[in-house]
Every structure is written in C-alpha cells, then in structure tokens.
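Participant: Let me begin by handing over the structure; questions about it come next.
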Amino acid sequence: MGFVSADGTATQRTAQVAAGMRCARHRGPDEAGTWTDDDAAGSVVFGFNRLSIIDIEHSHQPLRWGPPESPDRYALVFNGEIYNYLELRAELTEEFGTVFATEGDGEAIVAAVHHWGPRAVSRLRGMFAFLVWDTQEQVLFGARDPFGIKPLFTARTADGVGFSSEAKGLRELTGPAVVDQRALQHYLVLQYVPEPATMDVAIRRIESGTHFTLRPGGDLVTERYFHPVFTGGTRGGAEAEQAALVKRITAVLEDSVAKHMRADVTVGSFLSGGIDSTAIAALAKRSNPDLLTFTTGFERQGYSEIDVAAESAAAIGVRHIVRPVTEEEFTSALPSIVWYLDDPVADPALVPLYYVAAEARRHVKVVLSGEGADELFGGYNIYREPASLAPLTRLPQGLRRGLASVGRALPQGFRGQDLLRRGALDLEERYYGNARIFREDQLASVLRTYSPGHSFRDVTDPIYAHTTENDPVARMQHVDLFTWLRGDILVKADKMTMANSLELRVPFLDPEVFEVARTVPSSAKVTKQTTKLALRQAMESIVPAHVLNRRKLGFPVPLRHYLAEGSYDWARDIITSAQTDEYLDSAAVLALLDAHRRGEADHSRRIWAVLVFMVWHGVFVTGAITPRIPEPVYPVRL
C-alpha cells in the first residue's frame with residue numbers, strides 16, 4: 001500500500017496505511033514493513049505485507065535501492081513475480097555494471113526503471129503491480145502487468161492519492177463504500193464491474209497494461225504500454241507453416257512453464273478435467289517430479305470433474321489431492337468470499353476455487369493454473385458463433401431484421417428463435433463477453449436506478465474500435481482480454497488464492513506466449529468440431545488422450561439446483577434482509593426466485609448476481625454483515 005501526499009503530510013496518514021495493511025494480511029502473512037520519505041517532508045508512506053517466495057531471507061519490502069552514487073535513491077513496493085528476473089539482472093550487470101544486494105526480483109524492477117525508464121515495464125515477464133518512489137526527482141512511477149493478473153486500486157483524497165492491492169485498504173482513507181450506480185448496472189449485465197471502475201465511486205483501478213507517474217499535488221498521468229493485437233487472420237498458410245506454428249506454441253509454453261516454476265518454495269498445480277490445466281501440470285512435472293496437483297468439485301452427480309482430473313493425474317504421474325465442496329459450504333462462505341473480493345463478481349465458481357486454494361495452501365505456497373488459454377488460443381464455444389451465424393449475417397440488413405421479427409413471433413423457447421435474433425445483430429451488438437446475466441430489457445424490472453442511456457456498449461465499443469481490421473473471432477478475443485479476462489477470470493484467480501495466502505501463477509498469460517498466440521489464424525482456433533485446435537495439436541505429446549480432444553465444459557456449478565431446493569430459504573433471507581431498496585426492487589427479485597423454484601425458467605445466475613451484490617452492500621456499505629475472517633496462517637516454510 002502507498003500514499004503520496006499533496007502537501008508533505010504523509011506521516012499523518014501512517015495510521016490509515018497501517019490499518020489498510022491489516023486488511024491485506026492474507027496477501028502477505030510472512031512479514032510486514034513500512035517506510036516514510038522523511039527527507040521530503042513526508043511526501044510518501046509505503047507499507048507492505050510479504051508472502052516470501054523468492055530470496056526468502058532477503059528482498060524485504062519496502063525495498064531500497066540506488067546506483068553507487070545514491071544507494072538509497074529509490075523505494076519499492078511490489079506485488080507479484082518477475083519470472084525473467086535472472087536474465088534481467090544479468091543484462092543490467094553486463095550493460096551498466098549494476099550491483100545488487102539481494103538475490104530477488106524486486107531489485108531487478110528498480111534497476112531496470114532507473115536505467116531504462118518507463119520502457120523497462122515492457123521488459124518484465126511476469127505478473128506485477130508496483131510503486132517506485134524516486135527520492136531525488138520526487139516522483140512516483142508505477143505499473144500493472146499486461147493482462148491484469150495482479151490488482152492495483154487507487155483513490156484520491158483531499159490531501160493526496162492512495163494505492164493498494166486491496167480496495168478495502170483504501171477505505172481506511174475514503175470511508176465506507178458509496179455505490180456507483182453505473183457500475184451496478186454494468187455488473188448486473190456483465191457479472192463484474194469493468195475496469196477502471198469499481199462498485200465504490202471513491203475507488204478506481206489502475207488498468208491492466210498501463211504505467212503511470214505522479215508528483216505530489218499533481219494529476220495521475222497514465223499511459224498504455226501493452227497493445228495486444230491478433231494478427232493471425234482467418235486462414236492458415238501451407239502445411240509446413242502450420243507445423244512450424246504448432247512447434248512454436250509447444251516451445252514457448254515449455255519455456256513459460258519452466259520460468260513460472262522458479263521459486264524458493266514448493267510449487268504445485270491446479271488440475272481440472274480440461275486441456276489447459278492438464279498441459280500446465282504435465283509441463284510443470286518436468287521441473288518438479290514430485291509435483292502435487294489439486295482439484296475440486298461438488299458432491300452432486302454431473303457437477304464434478306474430479307474423476308477426469310484423477311485420471312489425468314495418474315496419466316501424467318503426479319500426486320493428486322481432491323477437495324469436494326458441499327452445498328452448506330457453498331452458501332456459508334459467501335460473506336467471507338465477498339470480503340476478500342472487494343468488488344462483487346457473480347461467478348459461482350469462485351466458491352470451489354476458494355476451498356481448493358485453502359486445501360492447496362496446506363501443502364504448497366505457489367500453484368500454477370491454466371487461466372488465459374481460452375482467450376489467447378480461441379477456447380470458448382461462443383467463438384464458433386460467427387461461423388454458425390454466417391448464413392444470416394451475410395444477408396442484407398433489412399432481411400436480417402425481418403427474420404428477427406419472425407423469431408420474436410415464435411413461441412418462447414421455440415428452436416431457432418435465438419439464432420434468428422442474434423443473426424440480426426452486428427457483432428458489436430451481440431457479443432460483450434462470456435457472461436450475459438440480465439438482458440438490457442430485463443434490468444428495468446429489477447434495478448430501480450436503471451438508465452437506458454447506459455449500455456454494455458459504453459464498455460465494449462471503445463475496445464472494438466481497435467479491431468476493425470480483424471476477423472470476428474479475433475475481435476471477440478480482443479474484447480475478452482479487456483473485459484471478461486481481467487474483470488472475472490483473473491479477479492477470481494487472484495482473490496481466492498490470496499485469500500488463503502497462496503500465490504497463483506498463470507503461464508499462458510505470458511508476453512512471449514502471447515506473441516506466438518497472436519499469430520494463430522482463426523482456422524486453427526475454432527472449427528465445427530473443436531476449439532483451440534492449434535493448442536491441442538501442440539499438446540498432443542504432452543496431454544493424455546482422454547483430455548486432448550475433450551469438449552470444453554467450463555466449471556460446472558449446481559447453482560440451479562441449490563437455489564430451487566436446499567438453499568432457497570437461505571437466498572430468500574438475504575433478499576428480504578438486504579438494505580438495498582434504493583437500488584433493487586426486492587419484490588421483483590423474490591418473484592424471480594419463486595419462478596425459479598417452480599421451474600418456470602432458470603434464473604439462477606441472475607439471482608446469484610443480485611445475492612452477491614446484496615452481501616457486498618451489507619459488508620462494505622451498511623456494515624450489517626460482518627464476515628468471519630480468520631487470521632492468516634504463518635506457514636511452516638515449504
């Protein structure tokens with residue numbers, strides 16, 4: 001956490017920074033430290049909670065470093081890992097004669113910024129959110145990793161600007177949360193609050209792939225350094241070119257996983273029934289023959305990949321641990337999970353991830369996972385939609401609209417109705433991510449503050465504007481990089497693992513991997529038969545056959561059954577006790593719940609989105625809900 005004072009009174013904020021650090025103890029239970037820039041009349045105060053992974057005995061933070069003529073010029077706080085830190089340290093030593101006092105990756109960041117300036121950020125291969133204070137120039141420089149793996153929140157107060165990995169820590173500076181009504185509307189459509197907003201009007205996110213500077217009393221000046229562009233086109237080249245591409249995918253993933261295994265503690269891996277996590281685990285075993293893998297599922301038939309994951313673990317020869325989740329555990333954990341989340345995210349897969357992370361933390365301190373493969377290599381089934389809708393989208397606009405009218409006249413649920421409706425829409429109108437919770441026409445009945453002037457297109461149109469030369473699949477991938485991936489997938493991954501003081505690493509989301517993935521043509525991503533075609537080909541000799549061509553399922557959660565059966569009363573109690581009438585019509589929400597229970601329609605995801613917001617409101621706005629948050633475990637060194 002950090003605070004840059006506008007008037008040289010940062011020391012007056014020391015108590016709030018310390019309280020904010022206590023909110024983030026789970027992110028770093030091994031040690032804590034603070035630092036104030038007394039030489040500049042107290043312009044800056046830094047605080048840090050450390051989860052010791054690399055150079056455990058040293059590399060304490062806040063970290064001081066500088067060139068020989070000014071050895072304490074810089075101060076750093078840094079959340080994450082730099083996987084090419086050894087190569088960077090060697091390069092900096094050879095080129096500039098840089099001297100390092102530790103064996104860690106933090107000094108590599110500061111030295112790189114000192115010698116290369118802002119362009120140093122593009123040289124970092126890792127996940128990170130960092131702040132560097134230059135005591136000589138009196139300027140703060142910071143950055144967030146290209147994909148947004150690690151979070152960074154910011155808030156401006158009357159006397160300065162605060163930064164934190166946890167939004168709740170910044171509320172020590174800003175006070176209780178105040179609902180951002182536009183963010184709420186986006187959340188109910190998208191399942192998450194899109195960057196740079198949060199659900200709290202006082203707090204914003206530093207966007208993924210940006211760096212920034214700040215001088216005391218000045219404005220925060222941000223600049224995007226990562227501009228992802230998919231260049232593969234629609235059709236692939238000759239057979240030899242395709243074979244070479246597949247070899248490049250294999251090689252870059254082997255390299256990425258090897259670098260992601262760098263640690264001075266034990267590294268394990270999550271393992272589901274899909275190709276992504278299986279590929280990561282199989283490659284990780286090359287670095288750690290005694291690799292431990294972890295999986296989760298529900299105690300309900302049809303909602304578990306435990307058996308497939310166990311078969312995969314046996315096939316690749318790793319030790320495997322299973323953590324099933326019960327219905328009671330699923331509901332009871334929600335208040336704590338929302339507290340750890342900071343912002344509401346209505347993805348029910350958060351819950352089993354929270355539990356399997358807790359189990360993994362009993363055995364290891366770091367895990368690898370397969371997030372990002374779908375966005376980079378074309379893994380979502382919805383990416384096949386442009387091809388299936390092509391016969392309709394190629395028709396004249398007037399005819400498409402006419403067919404849509406025919407679709408609307410058909411009985412509800414009639415086969416082909418949705419096809420006609422979506423075929424009448426341009427890509428920008430119909431695709432805004434993998435989760436579509438409330439349709440715009442459904443919001444008015446539930447959301448008291450509904451504004452027809454606010455649309456998901458406020459979020460997606462600026463992103464689509466950078467993709468006009470791309471084919472539809474690449475355009476959808478690009479949108480997902482800036483919405484679904486960083487709004488849901490990576491928030492879920494970071495928050496639920498760090499809630500258990502467990503570091504999660506995602507080897508697919510590596511700049512070098514992206515440089516290869518961006519060249520994959522759409523014909524090698526999705527076909528009528530499969531998704532991620534090129535990735536599957538690259539993993540043929542690595543992934544067991546029973547997983548290689550398995551259809552993507554997502555993470556199955558029995559939410560529909562829970563809300564209609566054993567958890568109905570639990571959900572009803574949350575709705576009736578919530579103090580959210582200013583924003584939501586609780587009678588309309590109860591009507592949804594009852595209709596769902598009667599089996600009239602599956603409203604489970606919409607109900608869950610509302611429940612998560614109501615719990616968030618009770619935790620962070622009214623304080624009516626007090627989650628039970630355990631003290632972080634100080635682990636035995638592994």
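The values are calculated or read from the model by the stated rules, or taken from the named source; none is laboratory data. Source: prediction; values computed, not measured. For neighbour counting, all protein chains shown are included, and Cβ atoms are generated from backbone atoms with ideal geometry for every residue, glycine included.
Participant: Is it true that some residue in segment 238-248 is without any contact (Cβ under 8 Å) to a residue 60 or more places away in the chain and among the basic types (Lys, Arg)?
Facilitator: For segment 238-248, residues without any contact (Cβ under 8 Å) to a residue 60 or more places away in the chain and among the basic types (Lys, Arg): absent.
Participant: Can you pull out the residues in segment 423-464 that are over 20 Å from the mean Cα position of the chain (by Cα), surrounded by fewer than 18 Cβ atoms within 10 Å (Cβ to Cβ) and within 23 Å of Leu590 (Cβ to Cβ)?
Facilitator: Within segment 423-464, Arg439, Glu440, Asp441, Gln442, Ala444, Ser445, Arg448, Thr449 qualify.
Participant: What number goes with the only condition from (1) buried (at least 23 other Cβ atoms within 10 Å of the Cβ); (2) part of a helix (DSSP H, G or I) that Ser269 does not pass?
Facilitator: Status for Ser269: all satisfied but (2).
Participant: While we're here: His114 is checked against (1) touching a residue at least 40 places away in the same chain (Cβ under 8 Å); (2) farther than 25 Å from Val366 by Cβ; (3) not in a helix (DSSP H, G or I); (4) not hydrophobic (A, V, I, L, M, F, W, C) and fails just one. What number does that condition carry?
Facilitator: Condition (3) is where His114 drops out.
Participant: Something else about it: Can you tell me which residues in segment 72-98 are at pLDDT 95 or above, on the phi < 0 side of the Ramachandran plot and part of a loop (DSSP other than H, G, I, E, B)? Working first, answer last.
Facilitator: Within segment 72-98, the first condition is being at pLDDT 95 or above, and the residues that meet it are 73-98.
With the extra rule that they be on the phi < 0 side of the Ramachandran plot, the set shrinks to 73-79, 81-96, 98.
Arg73, Tyr83, Asn84, Thr98, listed by residue number.
Participant: Moving on. Kindly indicate which of Thr449, Thr497, Thr460, Thr467 is hydroxyl-bearing (Ser, Thr, Tyr) and within 30 Å of Lys285 (Cα to Cα).
Facilitator: Within the list Thr449, Thr497, Thr460, Thr467, the selection yields Thr497.
Participant: Answer with yes or no whether Ala129 is in a loop (DSSP other than H, G, I, E, B) and at negative phi.
Facilitator: On the way: in a loop (DSSP other than H, G, I, E, B): no; at negative phi: yes.
Here the answer is no, as Ala129 does not meet what is asked.
Participant: Output the number of residues of segment 86-101 satisfying the condition of being within 12 Å of Pro67 (Cβ to Cβ) and of a type in the set (Val, Ile, Thr).
Facilitator: 2
Participant: Out of curiosity, is Ser277 assigned to a loop (DSSP other than H, G, I, E, B) and assigned by TED's automatic domain parsing to the domain that holds Ala517?
Facilitator: In short, no.
Participant: Follow-up. Does Thr527 meet the test of being over 23 Å from Ser122 (Cα atoms), part of a loop (DSSP other than H, G, I, E, B) and more than 18 Å from the chain's Cα centre (by Cα)?
Facilitator: Criteria met by Thr527.
Participant: Within segment 231-261, take every residue that is part of a loop (DSSP other than H, G, I, E, B) and at pLDDT below 95 and give me the one that is surrounded by the fewest Cβ atoms within 10 Å (Cβ to Cβ). Reasoning before the result, please.
Facilitator: Kept after step one, since they are part of a loop (DSSP other than H, G, I, E, B), are these residues of segment 231-261: 231-238, 261.
Restricting the remaining residues to those that are at pLDDT below 95 gives 231-238.
Working: Thr231: 12, Gly232: 23, Gly233: 16, Thr234: 12, Arg235: 10, Gly236: 18, Gly237: 12, Ala238: 8.
Looking at residues that are part of a loop (DSSP other than H, G, I, E, B) and at pLDDT below 95, I get Ala238.
Participant: Something else now. Please find, within segment 304-314, the residue that is farthest from Leu353 (Cα to Cα) out of those that are surrounded by 24 or more Cβ atoms within 10 Å (Cβ to Cβ) and in contact with a strand residue (DSSP E or B) (Cβ under 8 Å, 6 or more places away or on another chain). Talk me through it step by step, then tell me what you get.
Facilitator: Going through segment 304-314, the residues surrounded by 24 or more Cβ atoms within 10 Å (Cβ to Cβ) turn out to be 309, 312-313.
Filter once more, so that each one left must be in contact with a strand residue (DSSP E or B) (Cβ under 8 Å, 6 or more places away or on another chain): 309, 313.
On the way: Ala309: 15, Ala313: 19 Å.
The selected residue is Ala313.
Participant: Tell me the residue from Ala346, Ala357, Ala390 that is of a type in the set (A, V, I, L, M, F, W, C), buried (at least 19 other Cβ atoms within 10 Å of the Cβ) and more than 27 Å from Ile56 (Cα to Cα), please.
Facilitator: Going through Ala346, Ala357, Ala390 in turn, the sole match is Ala346.
Participant: Given the condition of a type in the set (Ser, Thr, Tyr), more than 23 Å from the chain's Cα centre (by Cα) and within 18 Å of Gln537 (Cβ to Cβ), answer yes or no: does some residue in segment 277-293 qualify?
Facilitator: Looking through segment 277-293, none of the residues is of a type in the set (Ser, Thr, Tyr), more than 23 Å from the chain's Cα centre (by Cα) and within 18 Å of Gln537 (Cβ to Cβ).
Participant: Additional query: What residue, of Thr157, Thr222, Thr174, is β-branched (Val, Ile, Thr) and farther than 30 Å from Ser336 by Cα? Break it down stepwise before answering.
Facilitator: On the way: Thr157 fails: farther than 30 Å from Ser336 by Cα; Thr174 fails: farther than 30 Å from Ser336 by Cα.
The match here is Thr222.
Participant: Moving to a separate point now. Taking segment 527-550 as the search range and keeping residues that are of a type in the set (Lys, Arg) and crowded, with 18+ Cβ neighbours inside 10 Å, which one is farthest from Leu245 (Cα to Cα)?
Facilitator: The selected residue is Arg550.
Participant: Sticking with this one: I'm trying to understand the selection: among the residues of segment 354-380, which are outside any loop (DSSP other than H, G, I, E, B), farther than 22 Å from Val265 by Cβ and not hydrophobic (A, V, I, L, M, F, W, C)?
Facilitator: Across segment 354-380, the qualifying residues are Asp374, Glu375.
Participant: Hey, does segment 293-303 have a residue that's among the basic types (Lys, Arg), under 20 Å from Pro352 (Cα atoms) and either out of contact with any strand residue (DSSP E or B) (no Cβ under 7 Å at 6 or more places or on another chain) or not assigned by TED's automatic domain parsing to the domain that holds Arg361 (or both)?
Facilitator: Checking segment 293-303: at least one residue is among the basic types (Lys, Arg), under 20 Å from Pro352 (Cα atoms) and either out of contact with any strand residue (DSSP E or B) (no Cβ under 7 Å at 6 or more places or on another chain) or not assigned by TED's automatic domain parsing to the domain that holds Arg361 (or both).
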